[in-house]
Structure formats: structure tokens, C-alpha cells
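> I have a structure I would like to understand better, so I am pasting it below and will then ask my questions one at a time.
The values are calculated or read from the model by the stated rules, or taken from the named source; none is laboratory data. Small disclaimer: the values here were computed from a predicted structure and weren't measured. Virtual Cβ from ideal backbone geometry, glycine too; neighbours counted across all protein chains shown. Remember, those area values only see protein heavy atoms, side chains included, never the ligands or the DNA or RNA. Shrake-Rupley method; radii C 1.70, N 1.55, O 1.52, S 1.80 Å.
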Protein chains: 6
Amino acid sequence: MSAHAPIEYRDAGTAVRAVFDDIKRTREVDDVNNFWKYLAHDPVSLKRTWESVKEIMAPGALDALTKEMIYLAVSVTNGCGYCIASHGAAARKAGMTDEMFGEVMAVVGMANETNRLANGYRVPIDVAFER
Amino acid sequence: MSAHAPIEYRDAGTAVRAVFDDIKRTREVDDVNNFWKYLAHDPVSLKRTWESVKEIMAPGALDALTKEMIYLAVSVTNGCGYCIASHGAAARKAGMTDEMFGEVMAVVGMANETNRLANGYRVPIDVAFER
Amino acid sequence: MSAHAPIEYRDAGTAVRAVFDDIKRTREVDDVNNFWKYLAHDPVSLKRTWESVKEIMAPGALDALTKEMIYLAVSVTNGCGYCIASHGAAARKAGMTDEMFGEVMAVVGMANETNRLANGYRVPIDVAFER
Amino acid sequence: MSAHAPIEYRDAGTAVRAVFDDIKRTREVDDVNNFWKYLAHDPVSLKRTWESVKEIMAPGALDALTKEMIYLAVSVTNGCGYCIASHGAAARKAGMTDEMFGEVMAVVGMANETNRLANGYRVPIDVAFER
Amino acid sequence: MSAHAPIEYRDAGTAVRAVFDDIKRTREVDDVNNFWKYLAHDPVSLKRTWESVKEIMAPGALDALTKEMIYLAVSVTNGCGYCIASHGAAARKAGMTDEMFGEVMAVVGMANETNRLANGYRVPIDVAFER
Amino acid sequence: MSAHAPIEYRDAGTAVRAVFDDIKRTREVDDVNNFWKYLAHDPVSLKRTWESVKEIMAPGALDALTKEMIYLAVSVTNGCGYCIASHGAAARKAGMTDEMFGEVMAVVGMANETNRLANGYRVPIDVAFER
């Protein structure tokens with residue numbers, strides 16, 4: 001089987017189905033995203049990745065929306081087209097408005113700019129930040 | 001003057017002093033960070049960058065803490081040592097607890113991981129994300 | 001001629017044809033990939049790049065498969081769509097199985113994650129690693 | 001407790017100690033690296049990250065040395081100073097010779113170069129790579 | 001209104017139209033690029049970004065062509081498909097020949113390669129560079 | 001011999017000395033930079049990398065200063081500390097003034113910002129850029 005085709009639920013083995021079922025239950029969705037259908041080529045990676053994502057993205061000290069916006073900010077910085085689309089959708093589902101989206105993008109853009117200014121000017125870390 | 005030495009307030013010209021004064025007033029601090037002292041070698045860039053940062057980082061649809069955590073997430077992704085130190089400090093000042101920091105790092109780590117899994121498995125964007 | 005069209009063998013000058021011939025002979029293929037057909041707009045870069053790739057990718061202390069998997073790992077980290085497709089194909093041709101591919105992706109994903117955790121927690125290098 | 005100080009075994013709680021013990025047993029070392037001592041500020045992340053690393057880096061279709069060299073290749077591409085030092089050491093411990101190291105670096109360098117050439121020349125993916 | 005549709009002049013509010021007018025006047029073009037039509041979803045970001053770009057890209061100590069080639073070099077390094085297309089076009093409009101393009105790509109490729117060799121070999125900065 | 005120590009001329013073999021001599025002659029310097037002294041651990045890589053750098057950085061359609069500023073722009077974007085220091089010095093030697101440096105940094109910063117805005121807003125490429 002090629003690694004470059006999605007594995008649908010009906011074609012999946014027991015281990016993959018168990019993960020798909022847990023994703024659908026946890027997220028209250030009818031089907032899993034393509035990401036999981038492709039990762040299903042490696043059932044061990046699928047299980048580990050899902051369990052990590054589930055643990056990390058559950059509300060804790062930070063709420064679900066904040067976590068999704070951070071996920072989106074990283075994906076935009078890395079230029080991952082799939083992740084920008086999927087986590088953009090996830091963030092909107094969690095409550096991100098158009099205005100919030102605009103502010104996330106503005107912060108991401110400015111951080112990417114000043115990261116390079118700090119690199120280029122070779123700015124040493126302030127003693128105050130070192131405690 | 002070398003580009004690789006900080007410009008202190010006492011040695012700065014009028015244009016630079018005006019920006020330094022505005023930073024100190026806005027942030028309620030006694031001195032500006034090294035970032036601004038190095039960028040002061042280019043007074044036009046200093047003014048433009050500060051005014052952009054000031055506009056972008058002011059509370060809006062997102063509060064100051066959320067913005068600082070996103071800034072930190074981008075800086076960690078890019079590996080900018082100075083920015084990790086300065087925006088880590090800024091986020092803590094804005095209220096980031098140790099627990100929140102741990103969760104930001106966990107999300108940043110996982111996003112960087114799944115960004116590459118999506119790249120590597122060449123996952124096509126779900127029709128549902130395209131609206 | 002636009003830089004954004006492939007140069008086919010029949011339209012190529014002597015210098016480009018010589019490189020194309022060497023690629024076909026070395027790799028035992030009937031035609032060269034698009035990468036070379038586009039780079040052919042700059043015959044000097046084409047020659048230098050091919051000779052470097054040929055020297056570097058030849059089996060040495062590392063076999064061809066290991067080298068192709070490392071090439072793929074870098075391309076996935078950088079998110080280069082073309083390179084992921086071409087070096088994924090090259091790695092499979094050199095013997096990468098689906099299972100190996102899954103393990104390469106898992107290592108690449110984890111390395112990208114822990115790279116950011118090390119950045120974010122500002123972990124100092126252990127004395128033991130400095131010899 | 002500051003997030004920017006290592007947590008030593010003697011100061012660690014039960015959950016952290018359990019992970020440290022497993023790292024020491026699995027890797028047959030007397031102490032854990034700084035990476036784990038810093039990550040210990042977040043015991044949940046520590047446990048999840050270690051268990052993922054342990055599962056991923058165990059020999060499978062790829063041997064331990066190949067996995068460590070891929071880890072190093074990613075770390076070099078991302079410019080993570082800590083990770084280059086720690087996984088460089090790990091790769092050498094797993095058998096990487098000076099000659100192998102030189103070849104890994106050469107492949108990483110060339111991949112980073114051709115990734116950008118493919119981007120810049122906007123090379124479309126060959127039909128042959130799409131199957 | 002979705003964030004993922006361009007805002008055309010006829011549908012834009014006063015603030016957006018004022019920016020679009022200034023872009024068209026400054027660049028002597030009949031219409032603005034998609035970049036501005038999407039950014040128009042956030043009129044404040046649109047205005048700030050355009051004014052920054054206008055200030056930065058105006059000829060100064062460096063001419064317009066040199067600035068556009070540097071913009072292209074960064075975009076190629078980051079793998080931003082849109083930016084490679086738009087700033088490639090802008091650089092050609094400013095006078096970049098095919099030969100110049102080939103040389104920009106060669107420098108970008110080599111810089112990306114040697115950046116990683118310097119990382120991987122952990123080369124310390126020469127005292128001579130520190131002044 | 002450890003890979004993490006510079007190889008000085010007096011300790012180098014014939015192949016390495018030949019490259020060092022050519023670097024010194026071409027650049028009219030008394031000694032080579034640390035970069036070459038570390039890369040000398042792999043004489044084949046040393047020779048290939050130097051010959052590539054020499055060919056690419058020689059004045060052609062672009063002058064030496066423009067090439068060095070592009071090299072610096074890439075190094076700043078990637079955050080390579082060594083390369084920022086060495087190519088910053090090389091650019092200054094080739095004639096980069098403080099004012100030019102400020103403008104290079106401003107362009108690099110803005111390009112890094114707008115690259116992410118284009119990613120985040122998922123801007124499609126204008127038909128006009130596709131010719």
C-alpha cells in the first residue's frame with residue numbers, strides 16, 4: 001500500500017480504528033481529518049501522536065482557544081499549508097473571531113520581523129532577563 | 001560608530017531619545033532593553049519598529065498575556081535566543097505562570113512535530129477546511 | 001527565455017547536454033528530473049550543483065539509502081514540497097520500505113519537537129558534551 | 001521555583017524520579033542530561049516526551065545509529081545548539097565515526113542548498129513522483 | 001465575511017480604499033496584488049504594513065533592485081510560495097536579469113548550505129570578527 | 001582527532017594546505033577563518049565547499065558587495081550566529097556602510113514579516129505573476 005493515500009475507517013485495522021474512534025468521540029466529529037488518515041500508515045505513530053495531541057490540547061492552565069491560536073502561530077511561522085488550514089479551522093471552531101485572527105497574524109508577523117532584527121544586530125541578552 | 005555597541009540614552013540624539021522616552025512611558029520602565037539600544041543605530045527603523053510593536057501589542061480582541069505567549073511561541077520556533085529571553089520575561093510580567101509556560105512549550109513542541117508529519121506524509125487539505 | 005519553464009534536452013546547449021548526459025548515465029534513467037531542467041537556465045550552477053550532488057550522494061562511509069533518508073529528513077523539516085516528493089522517491093528507489101519511512105518521519109517529528117523544547121527551556125549544554 | 005534552573009534527582013518529586021530512573025536504566029547512564037532536568041519543571045511533559053523518545057529511538061526497521069544521525073541532521077538544519085551537541089554525542093556513542101559525521105554534514109548542507117534552489121526556481125513536481 | 005476571500009476596491013471601506021489608492025499611486029499600477037486584498041480584512045494591519053513596506057523599499061543607501069533581490073532571497077530561504085512569485089516579479093520589474101536571478105539563487109543556496117555546516121561543525125566565532 | 005577543534009595550517013595535510021593557500025591568495029588574507037579550519041576535518045568537503053564559494057562569490061552580473069549582503073540576509077533569516085558575524089564582516093570589508101546595513105536589516109525584517117502574513121492569510125498567487 002502506498003504511503004500516499006488516505007486510509008479510510010472501512011479499510012483500517014483494529015488498532016487504527018480504535019484511534020479513529022477515540023478522535024471522533026473526543027472531538028465530537030463524524031470523521032477524522034486527512035492528517036490522521038495518512039498517519040494511519042504507521043499505527044504506532046498514529047496512536048502516540050493522537051494521545052500526545054489529546055493530552056496537550058485539553059484545557060488546562062490555558063483554554064482550548066489560546067492553545068489553538070498558538071498552534072496556528074507556529075504553523076504560520078513554519079509555512080505548513082496543511083496545518084494552517086486545519087488549525088485555522090480548529091481555532092475558529094474554538095471561538096477565534098476575524099478580529100482575533102487579524103491580531104494573531106499581526107503578532108506572528110512582528111515576532112518574525114524582530115526575531116531577525118535581534119539576530120542581525122547581534123543583540124546580547126540583558127542582564128535583567130537572566131535573573 | 002560600530003553597529004555592535006548599544007546606544008545609551010545619554011549618547012542618543014533627539015529622535016532616538018523621543019522613542020526611548022515613549023517606550024519607558026508606555027511600559028513604565030526605567031530603561032529600555034538592549035534590543036532598542038542596538039536598533040537605535042538606525043533611528044528610522046527604531047521609530048517604525050517601536051510604533052508597530054506598540055500598536056500590535058496593545059490589548060485588543062486579545063489580551064496582552066495571550067499576545068506575549070504567541071510572541072514567545074514564534075521566537076521559540078525560530079530559535080531566537082534574545083527573543084526567547086526577552087519575551088519570556090515579558091510574558092511572565094504579563095501574568096504567565098510556570099504552568100502556563102509549560103503548556104505553551106508543549107503546544108509549540110507538538111505543533112513543530114505535526115507540521116513536519118503533515119509535510120512528510122504530503123497530506124492534502126481536507127475539503128471541509130476550504131469552505 | 002523565461003526562468004520559469006523547463007529546458008528539455010532537445011533545446012539545450014552543449015554544456016547543459018553534457019550535464020544531462022552524465023546525470024542519465026550515473027543514475028541509469030531515461031530523462032532528468034524537473035529540478036535539473038529548471039536549473040539549466042544557469043549552466044554554471046547546473047554543472048556545479050550536479051557535480052556536488054554526485055560527489056556527496058555516492059556511497060562512502062554511509063550507504064546511498066542512509067544518505068537519501070537524511071536528505072528527505074532535511075527536506076521535510078524545511079517544508080520543501082518538491083524535494084520531499086523527489087527525495088522520497090529516491091529513498092524508496094534506494095530501498096526505503098514503508099516501515100522505514102514511518103520511522104524516519106517519527107524521528108524527524110520528534111527532533112523538531114525537542115529542538116523547540118530545548119530552545120524554550122533555554123537548556124545549557126552539558127559539560128559532558130563539551131569534552 | 002524558576003523555570004530556568006535544572007531539577008536534580010535529589011530535589012525531584014516521585015513522578016520526576018520515576019522518569020529519571022527509567023532514562024538511566026534504558027540508556028545505562030549515571031545521570032540524565034540537562035534537557036530532562038529542565039523539562040522536569042513540567043512532569044507531565046517530561047513523562048510524555050521521554051516515553052515518545054524512548055519508543056521512537058528504539059531500533060526497529062532502522063538501527064539506533066541511523067536514527068541518531070537523522071536526529072542530528074534535523075537539529076543542524078534548525079540550528080538548535082543544545083540538540084546538535086547532545087545528539088552529536090549520542091550519534092558518536094552509537095557508532096558514528098568522523099568520516100560518517102563528515103558525510104552527514106555534507107548531505108545536510110547540500111539538501112539545505114537544493115531545497116532553496118527548488119523553491120527559487122519554482123520547480124513543479126514531476127508527474128513520475130506522483131505515481 | 002470570510003477571511004479567505006480577497007476584498008476588491010469596489011467592496012472596500014474608506015480606510016482600505018485610501019491604502020489601495022496610495023499603493024496604486026506609489027507603484028504606478030492599475031490594481032493592487034492579492035496580498036493587499038487579503039490583508040484588507042484587517043484595515044489597521046493593512047495600513048501599518050503598507051506604510052512600513054513603502055518606507056523600507058524606497059531607494060536609500062541601497063537601490064530598489066538590490067532591496068528586491070534581498071526580499072526574494074529571504075522569501076526563497078523561508079519557502080514562501082506567494083512571496084517568491086510576487087517579489088520575483090517585482091525584482092524583474094526593477095531590472096533583475098536572468099543572469100542576476102541565477103546569481104541570487106546561487107548565493108542563497110550556498111548561504112543555506114554553509115549556515116548548516118557552521119552549525120554542524122559548531123564553529124566558534126573568530127576573535128577578528130568581534131573587534 | 002576530535003571534529004571539534006580547528007586544524008591549523010602547521011598541522012594540516014597537503015590537500016588541506018592547498019585549499020588554505022588558495023583561500024589566502026584569493027582573499028589576500030594572512031590566515032583562513034575558523035569555518036575553514038573546522039571543515040578541514042573533511043578535506044573533500046573543504047575543497048568542494050571552497051571551490052563552490054569561490055565560483056559563486058566572484059563578481060559577475062552582481063558585484064561582490066551585493067552578493068555579501070544577500071549572504072548576510074540569508075544568515076540572519078536562519079539565525080546562524082557564526083555566519084552573521086563572518087558575512088557581516090565580509091560585507092563591511094566589501095563596502096557595506098552602517099546605513100546600508102540598517103537597510104539590509106529593515107528589508108530582511110519586513111520580508112520575514114510579510115512571508116508569514118502571506119502564509120497566514122493563505123494568499124493565492126496572482127495570475128499576473130504566472131505569466
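> Give me the dipole magnitude in Debye, nearest 20, for the stretch D:1-58 about the Cα centre, with unit charges on the beta carbon: positive for Lys and Arg, negative for Asp and Glu.
80 debye
> Please give the net charge around C:PHE101, taking every other residue with its beta carbon less than 9 angstrom from that of C:PHE101, where Lys and Arg add +1 and Asp and Glu add -1.
So the environment of C:PHE101 carries a net charge of -3.
> OK, next. Whole-Hz ³J(HN,Hα) for each residue in the stretch C:53-62, computed from phi via Karplus 6.51 cos²θ - 1.76 cosθ + 1.60 with θ = phi - 60°, x for glycine and proline: what do you get?
Per-residue couplings from phi come out as 4, 4, 5, 6, 8, 5, x, x, 5, 10 Hz.
> In the stretch F:13-72, which GluC sites (Glu not before Pro) are in a loop and have at most 16 other Cβ atoms within 10 Å, using DSSP for the loop call?
Working: sites: F:GLU28, F:GLU51, F:GLU55, F:GLU68; in loops: F:GLU28.
Taking the stretch F:13-72 and a limit of 16 other Cβ atoms within 10 Å, the loop GluC sites (Glu not before Pro) found are F:GLU28.
> Taking Cα centroids, how far is the stretch C:49-106 from the stretch B:7-48 in Å?
The distance from the Cα centre of the stretch C:49-106 to that of the stretch B:7-48 comes to 48 Å.
> Let me ask you something else. Determine the shielding of peptide F:84-91 by partner chains: average, over its residues, the number of Cβ atoms on other chains within 10 angstrom of each Cβ.
5
> Note the distances from D:GLU130 to each other copy's matching label point, with points 7 Å along the Cα-to-beta-carbon direction, in nm, sorted shortest first.
1.3, 1.3, 5.3, 5.4, 5.5
> Something else now. With the full set of protein chains in place, find how many percent of the accessible area of chain E is carbon and sulfur; take the probe as 1.4 Å.
Ligands and nucleic acids excluded, carbon and sulfur reach 53 percent.
> What whole-number value in Å² describes the accessible area per residue of chain F for a 1.4 Å probe?
Heavy-atom SASA per residue in chain F reads 39 Å².
> While we're here: Where nothing but the Cβ of Lys and Arg (+1) and of Asp and Glu (-1) is charged, how large is the charge dipole of chain B around its Cα centre, in debye to the nearest 20?
Here the size comes out at about 300 debye.
> Once you average over the residues of C:46-54, how many Cβ atoms of partner chains fall within 10 Å of each Cβ?
On the way: counts 2, 1, 8, 7, 0, 3, 11, 5, 0.
The mean count of partner-chain Cβ atoms within 10 Å per residue comes to 4.
> In a shell of Cβ-Cβ distance under 13 Å around B:LEU72, excluding B:LEU72 itself, what net charge do Lys and Arg (+1) and Asp and Glu (-1) give?
Values: positive: B:LYS67, B:ARG92, B:LYS93, C:ARG116, C:ARG122; negative: B:GLU68, B:GLU103.
Within the 13 Å Cβ shell, the charges total +3.
> Also, quick follow-up: In square angstrom and rounded to 100, what buried accessible area do you get between chains B and A, total over both, with the probe at 1.4 Å?
Values: alone 9220 and 9230 Å², together 13050 Å².
In total, this chain pair buries about 5400 Å².
> About its Cα centre, what dipole magnitude does the stretch F:59-131 give when the only charges are +1 on Lys and Arg Cβ and -1 on Asp and Glu Cβ, stated in debye to the nearest 20?
On the way: 6 positive and 8 negative charges, 46 e Å.
My answer is approximately 220 debye.
> Shape of the protein assembly as shown from its Cα gyration tensor (a ≥ b ≥ c, root eigenvalues): rounded if a/c is under 1.5, otherwise prolate when a/b > b/c, or oblate?
Rounded, because the longest to shortest axis ratio a/c is under 1.5.
> Now for a separate question. With the cut-off at 27 Å, tell me which of the pairs B:LYS37/F:LYS54; C:LYS24/E:LYS93; E:LYS47/E:LYS67; C:LYS67/F:LYS67 have Cα atoms farther apart than that.
Going by Cα-Cα distance, B:LYS37/F:LYS54; C:LYS24/E:LYS93; C:LYS67/F:LYS67 fall outside the 27 Å limit.
> Only Cα pairs under 8 Å and at least 6 apart count here; give the relative contact order of chain A as a rounded whole percent.
16 percent
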